[in-house]
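Heads up: the structure comes next, in structure tokens.
The values are calculated or read from the model by the stated rules, or taken from the named source; none is laboratory data. Because the structure is predicted, anything quoted here is derived from the model rather than measured. Because the Cβ atoms are built from the backbone with ideal geometry, glycine has one as well, and the counts that use them run over all protein chains shown. What goes into the accessible areas is simple: the full protein's heavy atoms, side chains included, and nothing from ligands, DNA or RNA. Shrake-Rupley method; radii C 1.70, N 1.55, O 1.52, S 1.80 Å.
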Amino acid sequence: MAKAIRKQAQTAERVASATADAIVADQMRSLARAFRSQADILKKKEKKKKKQS
């Protein structure tokens, strides 16, 4: 799941780079950061779950 979210972050970054609208680009970069944060949290939870098993 974390891998899929990171892929969405990459897509958002690409869109941000490709768009001419500065506001949309900023929003897409913000979305990419949010996706990466979410992926990091999921990864930590997965590691914690594996460690407890």
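Does segment 9-16 contain at least one residue that is in a helix (DSSP H, G or I) and loosely packed, with under 10 Cβ neighbours inside 10 Å? Among the residues of segment 9-16, not one is in a helix (DSSP H, G or I) and loosely packed, with under 10 Cβ neighbours inside 10 Å, which makes the answer no. Determine, yes or no, whether K45 is surrounded by 12 or more Cβ atoms within 10 Å (Cβ to Cβ) and in a helix (DSSP H, G or I). Taking the combined requirement at face value, the residue satisfies it. Contact map, segment 14-43: residues that are under 21 Å from M1 (Cβ atoms) and charged (D, E, K, R) paired with residues that are open to solvent by 50 Å² or more (accessible area, probe 1.4 Å) and in a helix (DSSP H, G or I), Cβ distance under 7 Å, separation 6+ or inter-chain. Pairs shown: R36/R6.
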